[in-house]
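Notes follow once the structure below has been shown.
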Amino acid sequence: MNRKYQPNEFEKKWVENWEKNKTYKSNESNKTNKSYILAMFPYPSGAGLHVGHVRNYTGTDVVARYYRMNGRAVLHPMGWDAFGLPAENAAVKAKKNPMDMVPEHIATFKKQMKSLGFSYDWDREFTTTDPAYYKWTQWLFIQFYKMGLLYKKNTPINYCPVCKTGLAEEEVLADGTHERCGNKITKKDLPQWIFKITKYADRLLEDLKGLDWPEGILAMQRNWIGKKQGINIDYKVKGSKEIITCFTTRPDTNFGATFIVLAPEHEFVKKIQKEDVKKYVKEAASKSEIERLAEGKKKTGVFTGFYAINNLNGKEMPVWVSDFVLASFGTGAVVGVPGHDIRDFEFAKEFGIDIIRVVVGSDGDKSPITRIEQVQEKEGIMINSEFLNGLDIHQATKKIMDWFEEKKLGKRITSYHLRDWIFSRQRYWGEPIPMIYCKKCQWQPVAEGELPLKLPYIKSYEPTSTGESPLATVKDWVNTECPNCHGPAKRETDTMPNWAGSCWYFIRFAQIQKSNTKDQKDNSSIENWKLQIENSGNWLPVDWYLGGAEHAVLHLLYSRFWVKALYDLKLLDFKEPFLKLRNQGMILAEDHRKMSKSFGNVINPDDVVSEYGADALRIYEMFMAPFNTEIPWSTKALQGSYRFVKRIWELYQKQDRNSNIKDQKEDTKLVSKLFKTIKKITSDIPQVKFNTSIAAMMEFLNYWEKNPNGLEKENAKKFLQVLAPFAPFLTEELWDSFFGEKNSIHLSTWPKVGDEIIEEEIIIPVQVNGKFRDTIKSQKSKVKSQKEIEKLAFKSEKVKKFITGKVKKTVYIPGKIINFII
RNA sequence: GCCGCGGUGGUGGAAUGGCAUACACGCAGGACUUAAAAUCCUGUGAACGAAUAGUUCGUGAGCGUUCGAGUCGCUCCCGCGGCACCA
């Protein structure tokens with residue numbers, strides 16, 4: 001009768017049982033009643049599952065279980081993101097081939113995930129390194145190439161000298177280091193496959209409006225896309241046929257323009273034969289971007305000897321060269337307005353260039369600008385600007401843009417911070433790029449029938465310093481024939497970045513259905529793609545996506561881009577991959593540092609499971625803090641969650657399981673409290689408020705323990721049901737062994753509770769002059785009238801002593817509060 | 001500098017504009033025990049106070065709106081994250 005709580009005794013049994021019965025198999029869906037609930041799939045590292053993974057996957061699992069019990073068709077799959085630098089670097093370190101190592105890591109991850117009771121439909125599992133998967137990744141690459149979204153170009157790119165590969169802008173952190181390995185990035189000229197993501201900049205920005213994503217992530221994507229409205233203004237150069245075009249967002253200040261600055265890489269600069277200019281350009285080129293930044297903001301520069309003419313007033317503006325102007329932004333040429341731009345001011349001061357005030361700000365200061373504090377970058381009214389005088393800067397901007405465009409001296413331009421996506425990696429462990437180079441026919445895609453283009457198993461896969469991937473040395477792989485003219489040709493030897501596989505994996509989960517893969521042709525072709533989408537059961541797009549915020553401008557941006565391109569190819573009928581996104585916060589170590597092997601502060605979930613059971617770990621991680629909050633681990637607090645789980649177990653053991661419902665007298669207050677708890681959990685889970693769900697259950701348990709037999713059987717079962725998403729093992733065991741239920745609790749129907757049953761005492765605070773003085777009890781269903789409340793309030797000593805004068809006004813909100821103003 | 005998020009007990013945190021500090025951890029006292037662990041019970045924002053009487057103060061600071069503000073508005077301060085010689 002009195003079984004002790006020993007989770008290890010039954011957790012394993014249920015893992016096997018759920019697997020055998022395919023309890024979590026995705027059922028048929030239809031568009032109106034489906035929930036595709038997805039956690040960002042992991043890179044299976046050798047370290048095994050981290051407690052941070054457990055937090056993310058438990059939260060996602062709670063949501064999936066909740067919707068499943070609420071009668072929705074749920075797709076909740078899991079797979080492995082195994083290509084890329086981390087896997088390869090780990091393999092190099094372990095002196096193993098990644099192709100051998102990855103399956104071992106996956107086996108560990110999978111075993112750990114199962115022990116934690118995540119309700120995945122394992123029939124849909126796959127790995128991005130499976131040729132059966134990446135043949136489609138390659139096929140998609142070819143479709144994008146054919147639609148003109150990819151081009152190959154020799155260009156200076158960010159290069160990690162330690163990882164020996166080129167990188168995308170998004171992979172370089174603000175401090176100039178590589179986001180994977182933390183080493184400093186350099187620049188290197190390499191021929192690259194480049195994705196025209198900038199073509200989609202506007203749509204990537206616009207469509208953010210319809211997404212239910214955290215504000216911070218939306219802001220980061222908006223910033224990263226960095227859309228700016230401005231104008232390109234053409235300036236004639238005195239004594240030359242050259243025209244210098246400058247991009248500016250502040251043409252309103254153009255009457256204050258006193259100089260022009262060109263980037264050292266600017267085309268016009270290359271034509272200048274002046275010795276000091278050549279010297280300056282050479283020096284600038286030898287400095288890396290990081291060195292330039294390290295020099296601080298002190299302005300350097302050299303005068304070209306040329307003057308440009310300001311179209312507005314004929315003023316001659318000296319043309320300078322300076323490395324503070326970036327060739328990669330705008331036109332690589334800037335018109336200097338030192339009165340109204342801090343950098344321009346610094347430059348003008350440094351080289352004794354004129355400063356003209358053209359805007360008066362809210363401080364009313366009209367005096368000449370001589371100090372940096374006077375530089376007026378903000379709102380204001382135009383002066384010294386002829387036909388703009390008296391306008392505010394926004395009106396002036398519009399007016400002068402119109403003026404420039406009418407005179408054909410300028411053109412409105414939208415600029416973006418977003419750069420095209422560098423897609424080549426000079427590494428072994430990635431999808432081979434399915435392109436062939438023929439001297440006669442140039443670049444040709446691999447024939448669809450040839451896919452997958454398999455990554456050869458090779459011994460020395462370590463990165464090289466030649467600027468080529470190790471595949472370049474595999475001669476019989478490289479040398480091939482041209483798909484077009486059948487002459488001799490060479491394969492592309494660079495591979496795709498680790499983001500490629502994760503760009504569309506959520507689509508694959510929906511496509512794969514074990515039952516039909518055998519009959520269904522899986523060869524990469526448009527027909528098969530469309531067939532698989534048709535047969536995919538309307539799961540797409542993803543309804544709930546949960547994962548870390550670190551992917552804000554990487555995976556999340558790239559996936560959105562691919563989906564939009566696929567929509568344009570009519571290969572998908574939706575434009576956004578992830579409708580709702582939620583981030584989980586990081587779990588720090590107990591010492592408030594990051595968990596790291598080198599600090600020796602890592603918590604292994606396996607150890608926690610074997611000591612406290614999976615349910616206690618799940619409950620703890622959901623209870624420790626709001627889901628998106630960064631929080632240090634606490635073993636003490638974990639023990640508190642363990643006590644909670646154990647007390648539930650023991651409470652059910654105490655109950656008299658043979659008692660008949662009719663014999664038992666229910667404690668109506670307890671039932672009312674239970675229903676209130678159920679209501680709270682029902683509304684909390686979809687809001688990702690797992691911590692307060694558990695607090696509510698704890699509160700209820702504290703109360704229930706005073707009268708263990710106070711609930712009849714059906715109600716005692718309801719408590720288990722709302723606990724089930726959080727503690728799947730314990731609830732299933734009690735459901736089965738205590739209540740003798742034949743079907744899984746996880747497929748049972750979520751308890752419904754109406755308002756009418758919740759009868760409870762409510763407390764009405766009494767305030768005098770807004771200060772709380774006493775309380776009056778009332779019934780929720782029969783709230784007392786103002787007169788009754790007033791009568792009771794005036795009887796209270798606590799209230800009476802503060803009513804020192806006449807009551808001027810009484811504020812009574814029925815059922816809420818009464819406030820006497822004296 | 002710009003963008004986003006936050007600041008509540010010793011700690012993690014709770015609170016549709018209406019009893020601030022739920023729930024948990026920790027701590028203190030007690031029960032059980034030869035003892036410890038485990039478990040259970042009680043207490044636990046601060047100040048004054050013998051008090052589990054009572055009063056005052058109290059959600060980063062200051063104003064404001066309101067009968068009433070942790071919550072709404074304004075001005076700051078601090079912390080975290082992202083971006084940045086971006087014209």
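Tabulated values for the structure
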item: Pairs beyond 24 Å (Cα-Cα), from A:K187/A:K270; A:K4/A:K706; A:K241/A:K398; result: A:K241/A:K398
item: Amide hydrogen neighbours beyond the local backbone of A:T155, cut-off 5 Å, H modeled; result: A:L190, A:Q192
item: Gain upon complete extension [A:E373, A:D606; 0.36 nm per residue less C-alpha separation]; result: 77.9 nm
item: 13 Å reach of a label modelled at A:S240, 7 Å along Cα-to-Cβ, counting backbone N of region A:302-330; result: A:303-309, A:317-322
item: Phi to ³J(HN,Hα) by Karplus 6.51 cos²θ - 1.76 cosθ + 1.60 over region A:212-229, Hz, x for Gly, Pro; result: 8, 10, x, 3, x, 5, 4, 5, 5, 5, 4, 4, 5, 5, x, 6, 9, 8
item: Carbon and sulfur %, accessible surface of chain A computed with the full protein complex present, 1.4 Å; result: 52 percent
item: FRET efficiency, A:I822 to A:E215 (Cβ-Cβ, R0 35 Å, nearest 0.05); result: 0.20
item: Zero-based 5 Å bins, Cα pair distances in region A:126-186, whole percents; result: 4, 16, 17, 11, 19, 20, 12, 1
item: Cα gyration tensor category, rounded, prolate or oblate, for region A:1-84 with a/c compared to 1.5; result: oblate
item: Residue-normalised accessible area of region A:95-154, given per residue in Å² at a 1.4 Å probe; result: 35 Å²
item: Extension gain, A:S286 back to A:I383 (0.36 nm per residue minus Cα-Cα distance, nm); result: 30.6 nm
item: Sum of side-chain charges, A:A472 neighbourhood, beta-carbon under 14 Å (Lys, Arg +1; Asp, Glu -1); result: +1
item: A:T668 versus A:K809: modelled label distance in nm, points set 7 Å from Cα along the beta carbon direction; result: 4.0 nm
item: Contour excess over end-to-end distance, with Cα ends at A:K399 and A:K636 and 0.36 nm allotted per residue; result: 78.7 nm
item: Helix axis angle, A:786-795 relative to chain A longest principal axis, alpha carbon, degrees; result: 70 degrees
item: Separation in nanometres of the label points that stand 7 Å from Cα toward Cβ, at A:D392 and A:K411; result: 3.2 nm
item: Value at 222 nm in deg cm²/dmol, rounded to 500, when DSSP H runs of n ≥ 4 in chain A each add -39,500 (n - 2.57); result: -10500 deg cm²/dmol
item: Cα-projected label distance for A:H592 with A:T155, points at 7 Å along beta-carbon direction, nm; result: 4.4 nm
item: Cβ charges +1 (Lys, Arg) and -1 (Asp, Glu), total dipole of region A:267-412, debye; result: 460 debye
item: Per residue, in Å², the accessible surface of region A:452-495 once ligands and nucleic acids are set aside, probe 1.4 Å; result: 54 Å²
item: Shape box of chain A [Cα atoms, principal axes, largest first, Å]; result: 107, 89, 49
item: Ratio Rg/Rh, restricted to region A:565-658 and using Cα atoms, in which Rh is the Kirkwood radius; result: 1.22
item: Crossing angle, helix A:51-69 versus chain A [Cα axis fit, 0-90 degrees, rounded to tens]; result: 60 degrees
item: Tilt relative to chain A, helix A:393-406 - C-alpha long axis, 0 to 90 degrees, to 10; result: 50 degrees
item: Share of pairwise Cα separations in region A:431-568, more than 20 Å, in percent; result: 61 percent
item: Among A:76-85, A:744-753, A:729-738, the order from most to least packed when residues are scored by Cβ within 10 Å on average; result: A:76-85, A:729-738, A:744-753
item: Cross-link pairs beyond the 29 Å C-alpha cut-off, checked among A:K34/A:K570; A:K274/A:K408; A:K282/A:K439; result: A:K274/A:K408; A:K282/A:K439
item: Estimated FRET transfer efficiency when R0 is 30 angstrom, pair A:N17-A:L531 (beta carbons, to 0.05); result: 0.30
item: For region A:301-420, accessible area per residue (1.4 Å probe, heavy atoms of protein chains only), Å²; result: 49 Å²
item: Cross-link pairs A:K153/A:K287; A:K135/A:K580; A:K718/A:K784; A:K13/A:K110 - those with Cα-Cα distance over 26 Å; result: A:K135/A:K580; A:K718/A:K784
item: Cβ-Cβ FRET estimate between A:S362 and A:K187, R0 fixed at 56 Å, reported to 0.05; result: 0.85
item: Assigned charges on the beta-carbon of Lys, Arg, Asp, Glu; chain A dipole about Cα centre (debye); result: 1560 debye
item: Cα coordinate range in region A:30-175, projected on the principal axes (Å, largest first); result: 55, 41, 35
item: Antiparallel bridges, percent of DSSP beta bridges restricted to chain A (to nearest 5); result: 75 percent
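The values are calculated or read from the model by the stated rules, or taken from the named source; none is laboratory data. These figures come from a predicted structure and were not determined experimentally. Note that we place each Cβ from the backbone using ideal geometry, even for glycine, and neighbour counts take in every protein chain shown. Only protein heavy atoms, including side chains, enter the accessible area calculation; ligands, DNA and RNA are left aside. Shrake-Rupley method; radii C 1.70, N 1.55, O 1.52, S 1.80 Å.
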